[in-house]
1. Under the Kirkwood approximation applied to all pairs of distinct alpha-carbon atoms, what is the hydrodynamic radius of the chain in Å?
2. HN-Hα J couplings of the range 159-169 from phi, Karplus 6.51/-1.76/1.60, θ = phi - 60°, integer Hz, Gly and Pro as x?
3. Near THR119, within a Cβ-to-Cβ distance under 13 Å, what is the net charge of the other residues, with Lys and Arg +1 and Asp and Glu -1?
4. When the chain is fully extended, how far beyond the present Cα-Cα distance does THR128 get from LYS242, taking 0.36 nm per residue of separation?
5. Amide H to amide H, which residues 5 or more places from THR154 or on other chains are under 5 Å from it, using H placed in the peptide plane?
6. For the range 208-275, what is the charge dipole size about the Cα centre, in debye to the nearest 20, if Lys and Arg each add +1 at the Cβ and Asp and Glu each add -1 at the Cβ?
7. Using a 1.4 angstrom probe on heavy atoms only, work out the carbon and sulfur share of the accessible area of the range 113-173 in %.
8. What net charge is computed for the residues neighbouring LEU243, neighbours being all others with C-beta under 12 Å from the C-beta of LEU243, Lys and Arg scored +1, Asp and Glu -1?
Amino acid sequence: MPLIVMCGYPCSGKTRRAEELKVCFERNTDRKVHIIGDGALGVEKNTVYADSQKEKNVRASLKAEVERKVNRDDVVIFDSLNYIKGYRYELFCLIKHVQTPHCLVYCLTSDEVSSTWNTSRDAAERYTQDIFDALVLRFEAPDSRNRWDSPLFTVLKDDTLPYEDISDALFKRKAPPPNQSTQSQPLSSANFLHELDKITQDVLLAVFNSQKTSVAGDLITVPGATEKIEVSSSINMAELRKLRRQFISYTKMHPTENTGHISNMFVQYLNKSLH
C-alpha cells in the first residue's frame, strides 16, 4: 500500500513527523503502519556516513526492507535522510513496480536550526559536526516538478502536519502506471544479459565522446534510442559507469521482453539521474 518518503537535513524533525503520521493513520484507519529507518537497523550514523561504501550498503538494506514491507494493505513510512535524488528516483521505480501511490514529506529547516537540534541531542544520538556539515552540503532538495518527488508536502518546524492532504494523496489517487523500466517480465531472450551489457556500453561511449564537442543544453543522440540525452554539465566516465552499473542491476531483476527498449530505458534513466 502507500509509501511515505520522509526527507530533510539531519535533525530536521523527520522522526517526530513520522511518528505523528503513524498515530494519525492508526487513529483514522484500520491499516497497519510500518516505520522503516536507520534506527531499526541499529545504524551508527557517524561511522556509516563517514564511509561511502557503508552508506551505500545501508541505503540498499533500507530499500530492501521497504520493498519487503510494501503491500496492498499497510502504510509504510520511510524515515531516513533520503537526500539523494537518484535514490528517491529508485524508490519511485519501486512503487511503480508495486503499483501503489506514494508521497514525499520534506521537513524543511535551516542548517542553523538543524545544527542546534543536533547539538541538543544525547552524545550517542548526535552527528559529529563534520558529518553534519558534509550531509547538509550533499543534500539534494526535492522538487515537485520531478515525478519522483511528487506529490510533495513541505513542512516547516512549527507547521501543523497536513494529515488530511497526505491521506488524500495516498488513498484518493491512482498509483503511477508501470512502464518498461519497472515492469517485471519473464526473461525471454537467452542473450539478454549480453545485449544489456553491449547496449549500455554503446550508450556510455556515445555520451562520453559527444561531450568533447557539445555544450550545456545540447541533445546527444545515442545508438538505438529515439530519445536523446540532455547535457547540463560535463560528466566523467567514472560517474557514467556507476550509473550504468545501477541501471544494469535493476534491469537484471526486472528484464524487458524486448531488448529493443533497453537504449530508451537507459537514456531515460540517465536523464533523470543527471538532472
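The values are calculated or read from the model by the stated rules, or taken from the named source; none is laboratory data. The model shown is predicted, which means the values in this text are computed figures rather than measured ones. Here the Cβ is made from the backbone with ideal geometry for all residues, glycine too, and neighbour counts use every protein chain on show. For accessibility, only protein heavy atoms count, side chains too; no ligands or nucleic acids. Shrake-Rupley method; radii C 1.70, N 1.55, O 1.52, S 1.80 Å.
1. On the way: mean 1/r = 0.0496 Å⁻¹.
For the chain, the Kirkwood estimate is 20.2 Å.
2. 6, 7, 4, x, 4, 4, 5, 5, 4, 4, 5
3. On the way: positive: ARG121, ARG126; negative: ASP111, GLU112, ASP122, GLU125, ASP133.
With Lys, Arg at +1 and Asp, Glu at -1, the neighbours total -3.
4. Gain on stretching THR128 to LYS242: 38.2 nm.
5. Those qualifying (amide H under 5 Å, at least 5 residues apart or on another chain) are TYR106.
6. Working: 8 positive and 5 negative charges, 60 e Å.
With only Lys, Arg, Asp and Glu charged at Cβ, the dipole is about 280 debye.
7. On the way: 1770 of 3700 Å².
Percent of accessible area from carbon and sulfur atoms in the range 113-173: 48.
8. On the way: positive: ARG241, LYS242, ARG244, ARG245, LYS272; negative: GLU90, GLU239.
With Lys, Arg at +1 and Asp, Glu at -1, the neighbours total +3.
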